[in-house]
There are 2 protein chains.
Amino acid sequence: MQIIIYIKSKISNGEWTIGSPIPSQRMLAKMFNVNRSTVITALDELMADGLVTGIPGKGTVVTNNTWTLMGKEAMANWGDSVSKGIHEASMSTVQKINDAESDSGLIQLSKGELSPNIFPLEQMKLIMREVSEQLEPFGYEEPKGNPSLREAVSNYLENRGMKVSPSSILIVSGALQALHLISIGLLQKGADVMLEQPSYLYSLSVFQSAGMNLCGLPMDREGLKPEALKQMNEHGKNVLYTIPSFHNPTGVLMTNNRRMQIIKACEHERLPIIEDDVYRDLWIDTPPPLPLKTMDRHGNVLYLGSLSKSLSPGLRIGWLVGPEAVIARLADLKMQSDYGSSSLSQQVAAKWLSSGAYDTHIESVRKELRERRNIVLKYLEKHLGQFADWDIPAGGFFIRVRLRPEFRVGKLFQKAYASGVLLNPGSIYAERDGQYFRISFAYDALNRLEEGIQRIGMLVRS
Amino acid sequence: MQIIIYIKSKISNGEWTIGSPIPSQRMLAKMFNVNRSTVITALDELMADGLVTGIPGKGTVVTNNTWTLMGKEAMANWGDSVSKGIHEASMSTVQKINDAESDSGLIQLSKGELSPNIFPLEQMKLIMREVSEQLEPFGYEEPKGNPSLREAVSNYLENRGMKVSPSSILIVSGALQALHLISIGLLQKGADVMLEQPSYLYSLSVFQSAGMNLCGLPMDREGLKPEALKQMNEHGKNVLYTIPSFHNPTGVLMTNNRRMQIIKACEHERLPIIEDDVYRDLWIDTPPPLPLKTMDRHGNVLYLGSLSKSLSPGLRIGWLVGPEAVIARLADLKMQSDYGSSSLSQQVAAKWLSSGAYDTHIESVRKELRERRNIVLKYLEKHLGQFADWDIPAGGFFIRVRLRPEFRVGKLFQKAYASGVLLNPGSIYAERDGQYFRISFAYDALNRLEEGIQRIGMLVRS
C-alpha cells in the first residue's frame, strides 16, 4: 500500500510524467525495505489501474490510461470552476474535514448529524417490519415520488402552516440533490446565487460546479438584511438561497418581520428564492416563525425540507416544494439523472410521517438537543469563557464561537486536529472575519464534547 | 411548434406580461393558417408548461412566475442540446411511452421490467426483516458506498469472471446515475459517444443533455462491428458505449470473438469503453461470454451492473467498476450530487447478494423468462408470422420484430396505442430502417401478451 500510494502521488503531483520510467524493482524494494515480491504485487495493482506499464527493454514506465487522462482534464476544469467561487485553501480544508468526520478516534465537534445515541433504533426496526409486512411488489416510483410519501409530506407541511398539494412536491434524495437539480435544470451559467455570508453553501460546490457564482450578502442577528437585495437581479437570472431557520453555521433564526421584508424585497426585484428549511423541526425553545414559502403569493419560493437532520441522513429522503410546472420539470430531470429515489426508503419515510412516529421522535430529539445545548454552553463558559464569546442558538445543531482577536482560528484548527479534536473553522463558510469556528453539540457523546472543548481551551491558553 | 415558439418569445421578451390575455384561438388559427385543433394542441403544451392558463370568461392569459420564466430559458437550452442529437419527434414518442407505461389499462408490450408476478415478494420481506433485526443506527454511507455491499458486489463479479477489489467499485442509484456521473464528471462537451445503432441510449438524453453527441455505429448478429471504430478518436476525447450482452433493443449477444476484436480496436484507438452489462444475469439458453472488462488490461473499461433488471428497479442499486482513481473521482461527484444512495437500500441489496438469495432468485427468473420467451415466440408466429420476422433472443427481455416493408411501424404504433396496446417503435432507438419495433416478454401477464400480439396482428391485417 505504501508503495502504491508513493507512486500514485508522484504521478498525480505531475512529478512523474507520462512515459517516464519509475525506479527499478530492486530500488523500490530497498527504499521500502520489503521483498521484491511485495514490489511486484504493488506494481501489478498499478498496472491493473492503468497507471504504469512494463515496456520490454525500458522497465516500468508511467502510462496512465484513457479514463484517468480524460478524467484528469475534465476534473481539472471542474476544479477550476470550483476554485473560482471558493478559496482553494478552504476547499482542501473541507476535504480534510469530510475525511476526518469518519474517523471515530477523533472527538467530533464537527459533524452536523444527530448522535447515534439519538437514533430511534427500535422504532426504525418496527417501521421496517411494518413496511415489510405490507410490502407489495415494487418497481420504479412515479417521477415526483411515491404518492403515499407525497401525501404524508403534504400533511406534514400543512401542520407547519403550508398548504401544498402532493402534485407540487418532488421527493428528492436529500436537500443537496434538490440543489443539484436546480443548478443543472433551472439556473443559467453565470447566474449569481445570493446568499447569507457566512453560509454552509460555501463549503459545497454544487452551484459553482454548474457555473454559477456565489455572492455573499450581510446578515445580522435577525437574519439576512433585506437592503442588500436591492438591484441584485438586473439581468433577471439570479436567485436567493437562504436558510432562515437555525442558519448554518451561525445558528441565527430569521425573525418574522425580517421574513416579510425579504419576501417583499425579492418580489420587488423579481428575485426567486430557494428556502432551505432542513433545520425547522430542530427548534429548542419555541417553534420558528412560518416559512417564507407561506408568505409567497407568486410562486417565487422553492422550499426544501428533509429527514436527514431530524431522523437519519441514511434514508436519503428530502422534498422540494414549488410551482407545479417547475416541480414537473425538475421531476423530469431527476428521472433523467437517477430514475427516482429508493422505493424502500420512500415507503419507510412515508410510514414514519403518516404513523405519527415522526412527531413522537422529534419531540424527544428536541428534548435531547435542549439538554445538550445547555450543557455544552456550560462547558464553553468553563473552558473558553475568557477567550471567546457566542450567541445561544434557539435550535439546530450548532454554536458559532468567536475567538478573541489575539488568537487565530486557522492555527487552532490545526492544533486541535493534531490533538484529536475536529472543529469547523469559519473560513470554509466564507466568514468575513477569521475569528469564528463552528461546533456541533448534536453528535458526539457529552463526555467527549467536554473533553474536546477542554482541549481547545488548553490549546488557546498555551 | 411555430405557435409555441411565437408565444414563448412574446412572453420571454416581456411583451406579454403576466395576466395579459393572448390572442383568441380563432385569431391564432388565422395567423398561422392552421386548424383550430392545432392551436389547441399548442396551447395545451403551453399550459402544461405553466406559461398560460385558461380563465373562464377571460380566455387564455399569461400566468408564469419567475421560476417558470427562468426554467423556460434554461430548459430551452436543455431542449436544444437534446434535439441536436435526437429527432424531436422520437423524443416526444419516448415521453408518450413513458407516461403510458404507468397506465395499467394498456397491454404493456413496452415495459423493460420484470413482471410483478416474478417479484420475489416473500424473500424480499424476509430479507427486510433480517436487515431490520440486525439494524444499527445508520447515517451517511462512505462515498463509494456501503462496505458490505461493495464486498458482496466484488464476490458477485468474481463469480462472473471479474476480479475487482471493493475499492474499485462505486455504488450508484442505478446504471443511469452512473452514466449521468460520467457525463458530468469525465466527458468533455462536444465529445462523441460512439454506440451501437440502434441503441436504447438514443431514447435517453443523459449524454446529449451534458453536451455530448451520439454517433451510431453499425452492428450485426455478432454485435458491434469493430471496423467501424477506426480513427474514431482522433481528438482523444470520445468514448464507446456498448451493451454487449442482450443488447437493447435488438437482443443481440456479442460473441466472444467479437468482444476480443472490440477490446483490441479500442486499445488501438485509445478509445475508452463504457460497458453496460445490466442484462448479463438474464441469459436464457447459456451464460454469455465474459465481460469486455475481463479482457481489459489497461483500465480502459468502465463497467456497469445493476439489480434493476434482475431483482427490482425500486431498490435503485447499481454499480460502476473501473480504475480506482476514476472511481474515487466519480464517488466524489456522487457525494456532491446526492451524498450517496439510500443506506436501507444498500443494506437490503448487500443481504440479497451475500446470503445467496439472489442466486436462487435469478435461477427462477431465468426459468420464467425462458417460458415467456418461448410462448411469446409462438404467439408471434401465430399472429404475425405472415407479416414480420424476428431473431430469437438468447436472453434479456426483448424481441425485435421487423415488419414487412409494405407496412409502416409509425402508423402501427399509433393504431396499437389507440386500441390499448403499447409497443416501442424502433425510431426511438434510432433504427436506420423504419420497419422495426420492440416488444418485451418480461412484464405483462401471458394472456395479455397474447391479446396484445393478436390485436397487432389484426391491425396489420386490416
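For the stretch A:193-204, the set of residues classified as under 20 Å from A:Ile262 (Cβ atoms) and within 13 Å of chain B (Cβ to nearest Cβ) consists of A:Val193, A:Leu201, listed by residue number.
Mind listing whichever residues of the stretch A:330-341 are part of a helix (DSSP H, G or I) and either over 19 Å from A:Tyr303 (Cα atoms) or under 23 Å from the mean Cα position of the chain (by Cα) (or both)? Correct list: A:Leu330, A:Ala331, A:Leu333, A:Lys334, A:Met335, A:Gln336, A:Ser337, A:Asp338. Among residues of the stretch B:290-321 being of a type in the set (A, V, I, L, M) and out of contact with any strand residue (DSSP E or B) (no Cβ under 6 Å at 6 or more places or on another chain), the one that is surrounded by the fewest Cβ atoms within 10 Å (Cβ to Cβ) is B:Leu290.
Among the residues of the stretch B:330-346, not a single one is more than 14 Å from every other protein chain (Cβ to nearest Cβ) and in contact (Cβ under 8 Å) with a residue 40 or more places away in the chain.
Only residues that are crowded, with 20+ Cβ neighbours inside 10 Å and either over 22 Å from B:Phe32 (Cα atoms) or modelled with pLDDT of 80 or more (or both) were counted in the stretch B:42-59, giving 5. For the stretch B:292-320, a tally of residues being facing chain A (nearest Cβ under 10 Å) and either among the basic types (Lys, Arg) or part of a loop (DSSP other than H, G, I, E, B) (or both) returns 9. Within the option set A:Lys351, A:Lys382, being more than 25 Å from the chain's Cα centre (by Cα), within 14 Å of chain B (Cβ to nearest Cβ) and farther than 22 Å from A:Pro249 by Cα holds for one residue only, A:Lys351. For the stretch B:374-412, a residue qualifies if it is assigned to a strand (DSSP E or B), closer than 21 Å to B:Asp281 by Cβ and open to solvent by 40 Å² or more (accessible area, probe 1.4 Å), and exactly one does: B:Arg400. Among the residues making up the stretch A:322-373, a single one is basic (Lys, Arg), open to solvent by less than 10 Å² (accessible area, probe 1.4 Å) and at pLDDT below 95: A:Lys334. Test B:Leu344 against the criterion of being in a helix (DSSP H, G or I), among the aliphatic types (A, V, I, L, M) and assigned by TED's automatic domain parsing to the domain that holds B:Ile243, and give yes or no. It is true that B:Leu344 is in a helix (DSSP H, G or I), among the aliphatic types (A, V, I, L, M) and assigned by TED's automatic domain parsing to the domain that holds B:Ile243.
Could you look through the stretch B:136-180, keep only residues that are within 19 Å of the chain's Cα centre (by Cα) and not in a helix (DSSP H, G or I), and pick out the one that is farthest from the other protein chains (Cβ to nearest Cβ)?
If we take residues in the stretch B:136-180 being within 19 Å of the chain's Cα centre (by Cα) and not in a helix (DSSP H, G or I), then B:Ile171 is farthest from the other protein chains (Cβ to nearest Cβ).
Selection of the stretch A:413-444 for residues being closer than 29 Å to A:Arg366 by Cβ, polar (S, T, N, Q) and in a loop (DSSP other than H, G, I, E, B) yields an empty set. Every residue in the stretch B:32-42 that is more than 30 Å from the chain's Cα centre (by Cα) and within 30 Å of A:Leu330 (Cβ to Cβ), please. Of everything in the stretch B:32-42, those that are more than 30 Å from the chain's Cα centre (by Cα) and within 30 Å of A:Leu330 (Cβ to Cβ) turn out to be B:Thr38, B:Val39, B:Ile40. Meeting the requirement of 1 or more residues that are open to solvent by 50 Å² or more (accessible area, probe 1.4 Å) and under 25 Å from A:Leu333 (Cα atoms), the strands (runs of 3 or more DSSP E) wholly within the stretch B:181-286 are B:213-217. Only one of these conditions is not met by B:Ala445: (1) exposed (fewer than 15 other Cβ atoms within 10 Å of the Cβ); (2) more than 15 Å from B:Leu106 (Cβ to Cβ); (3) not charged (D, E, K, R). Which number is it? Failing condition for B:Ala445: (2).
Scanning the stretch A:108-135 for residues that are farther than 30 Å from A:Ile456 by Cβ, open to solvent by 60 Å² or more (accessible area, probe 1.4 Å), within 9 Å of another protein chain (Cβ to nearest Cβ) and not basic (Lys, Arg) returns A:Leu126, A:Glu133.
The values are calculated or read from the model by the stated rules, or taken from the named source; none is laboratory data. Here the structure is a predicted model, which is why all the values come from computation and not from measurement. Don't worry about glycine lacking a Cβ; one is built from the backbone with ideal geometry, like all the others, and counts go over all protein chains shown. The area values use the complete protein model at the heavy-atom level, side chains included, leaving out ligands, DNA and RNA. Shrake-Rupley method; radii C 1.70, N 1.55, O 1.52, S 1.80 Å.
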